[in-house]
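Asks: My questions all concern the structure below.
The values are calculated or read from the model by the stated rules, or taken from the named source; none is laboratory data. Being a predicted model, the structure only gives us computed values, none of them experimental. A quick note on method: Cβ atoms are made from the backbone with ideal geometry, for glycine too, and the neighbour counts reach across all protein chains shown.
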């Protein structure tokens with residue numbers, strides 16, 4: 001099986017030339033001191049503070065990745081399923 005590093009030049013040749021550069025490097029950086037996220041937290045502000053603590057600055061083509069649990073928690077209210085009564089369709093779907 002060919003290695004990804006062997007395939008990159010070939011894949012780059014197949015891309016339409018739109019003036020965009022091809023990726024030459026992939027770096028994963030964990031933001032230092034990122035706190036536990038709580039309901040209602042501002043992820044942008046937490047991220048900016050963590051970047052500043054690490055002496056890091058975002059570039060135009062950087063990509064940030066967050067775990068879905070961070071986003072869901074920051075978005076807020078959760079429903080206590082103990083207080084939810086399933087309707088007939090949901091009850092039927094779970095009994096089959």
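Asks: Can you name every one of the helices (runs of 4 or more DSSP H) wholly within segment 34-96 that holds 1 or more residues which are within 17 Å of the chain's Cα centre (by Cα) and surrounded by 10 or more Cβ atoms within 10 Å (Cβ to Cβ)?
Replies: By residue number, 43-53, 68-75.
Asks: Taking interchain pairs and intrachain pairs at least six residues apart, which have beta carbon atoms under 9 angstrom, with the first residue in segment 63-74 and farther than 18 Å from residue 28 by Cβ and the second at pLDDT 85 or above and not in a loop (DSSP other than H, G, I, E, B)?
Replies: 71/43; 74/43; 74/46
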